[in-house]
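**Student:** Take a look at the following structure, please.
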Amino acid sequence: MSLIPKKGTVYVVDDDEAVRDSLQWLLEGKDYRVRCFDSAESFLARYDAREVACLIVDIRMGGMSGLELQDRLIENKSPLPIVFITGHGDVPMAVDTMKKGAMDFIQKPFDEAQLDTLVERMLEQARDAFAGHQQAASRDALLAKLTGRESQVLERIVAGRLNKQIADDLGISIKTVEAHRANIMEKLGANTVADLLKIALGSNAAAKAT
């Protein structure tokens, strides 16, 4: 058994057993963790959105097609990177999938080097998306600690309002605003206003600061 950590999970969805076996053999040889499914429906039943993973799916299948699976994942706001398996006559269809966000498409027979490069690109994207999701979840958990009034005060701090202006906006005293401000800083673990902005704005903080 290899002691090298697995690079990430690759979901393979194809109703052709020979294709699934071929991809599994190629990818496991590159130390990826591979999970195969014979239909889009069985994949959706087992897909774990919390996993850093990517998807290789046949564009044409019995039952739900690869195109319909992509649409379902888009509806669910899934960040899962996708590469489609296509036949020679499916290239125009594959181009449409890329317009919807698919990373690329591959044709049979598979080029091992191309496949490895594509999967690594997809997993890199998946890792970035997962990190962003984790940061957003942590931010939401912190902001959920605030009371309704504290959230109103924070909203105005982020908008650049001064304590006096916030007091006038909310019909409270400046001392009450200062008390709310101190509570907000403590609950969010912020030492400076810059820290506060980073938490409140998330990935948009840098853009707002410029």
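**Student:** If you roll a 1.4 Å probe over the chain with all protein chains in place, what percent of the accessible area is carbon or sulfur?
**Tutor:** The computed percentage sits at 53.
**Student:** Can you work out the FRET efficiency for the pair Lys100 and Ser151, with r the C-beta to C-beta distance and R0 = 41 Å, to the nearest 0.05?
**Tutor:** Using R0 = 41 Å, I get an efficiency of 0.70.
**Student:** Which whole-Hz ³J(HN,Hα) couplings does region 16-31 yield from phi under the Karplus relation 6.51 cos²θ - 1.76 cosθ + 1.60, θ = phi - 60°, glycine and proline marked x?
**Tutor:** 9, 4, 5, 5, 4, 5, 4, 5, 4, 5, 5, 6, 5, x, 9, 6
**Student:** Rounded to whole Å and sorted largest first, list the principal axis extents of the Cα atoms in the chain.
**Tutor:** 72, 41, 33
**Student:** Turning to a different aspect of this structure: Between Ala45 and Ala113, what FRET efficiency follows from the Cβ-Cβ distance if R0 is 30 Å, with the result rounded to 0.05?
**Tutor:** Efficiency, rounded to the nearest 0.05: 0.35.
**Student:** Under 13 Å Cα to Cα from Lys30, which aspartates and glutamates show up? Leave out anything in the same chain fewer than 8 places away.
**Tutor:** Glu112, Asp116, Glu120
**Student:** Using only the Cα atoms of region 104-210, build the gyration tensor, take square roots of its eigenvalues as a ≥ b ≥ c, and label the shape rounded, prolate or oblate: rounded if a/c is under 1.5, else prolate if a/b is larger than b/c, else oblate.
**Tutor:** Here region 104-210 falls in the prolate category.
**Student:** Are there trypsin sites (Lys or Arg not before Pro) in region 27-72 that DSSP marks as loop and that have at most 15 other Cβ atoms within 10 Å, and which are they?
**Tutor:** Passing sites in region 27-72 are Lys30, Arg50.
**Student:** Given an 8 Å cut-off on Cα distances and at least 6 residues of separation, report the relative contact order of the chain as a percent.
**Tutor:** After rounding, I find 14 percent.
**Student:** Additional query: How big is the convex hull of the Cα atoms of region 1-111, per residue, in Å³?
**Tutor:** 105 Å³
**Student:** While we're looking at this one, here's another question. What number comes out for accessible area per residue over the chain if the probe is 1.4 Å? Units Å², please.
**Tutor:** Per-residue value: 56 Å².
**Student:** Here's something else I'd like to know. Near Lys175, which lysines are there with a Cα under 26 Å away, not counting those fewer than 8 places off in the same chain?
**Tutor:** Once the sequence-local lysines are set aside, what remains near Lys175 is Lys145, Lys164, Lys187, Lys198.
**Student:** Comparing Ile199, Ile56, Ile82, which has the greatest mean-square fluctuation in the GNM of the chain with Cα pairs linked when under 10 Å apart?
**Tutor:** Ile199
**Student:** Under 5 Å between amide hydrogens, which residues at least 5 positions from Ile85 or on another chain qualify, with H placed 1.01 Å from N in the peptide plane?
**Tutor:** Result for Ile85 returns Val57, Asp58, Ile59, Ile106.
**Student:** Let me ask something additional. In debye to the nearest 20, how big a dipole does region 8-135 give about its Cα centre with +1 on each Lys and Arg Cβ and -1 on each Asp and Glu Cβ?
**Tutor:** Charge dipole, region 8-135, about its Cα centre: 420 debye, nearest 20.
The values are calculated or read from the model by the stated rules, or taken from the named source; none is laboratory data. Since the model is a prediction, treat every value here as computed from it, not as a measurement. Glycine also receives a Cβ, built like all others from the backbone with ideal geometry; neighbour counts cover every protein chain displayed. In case anyone asks, the SASA skips ligands and DNA or RNA and just uses the protein heavy atoms, side chains included. Shrake-Rupley method; radii C 1.70, N 1.55, O 1.52, S 1.80 Å.
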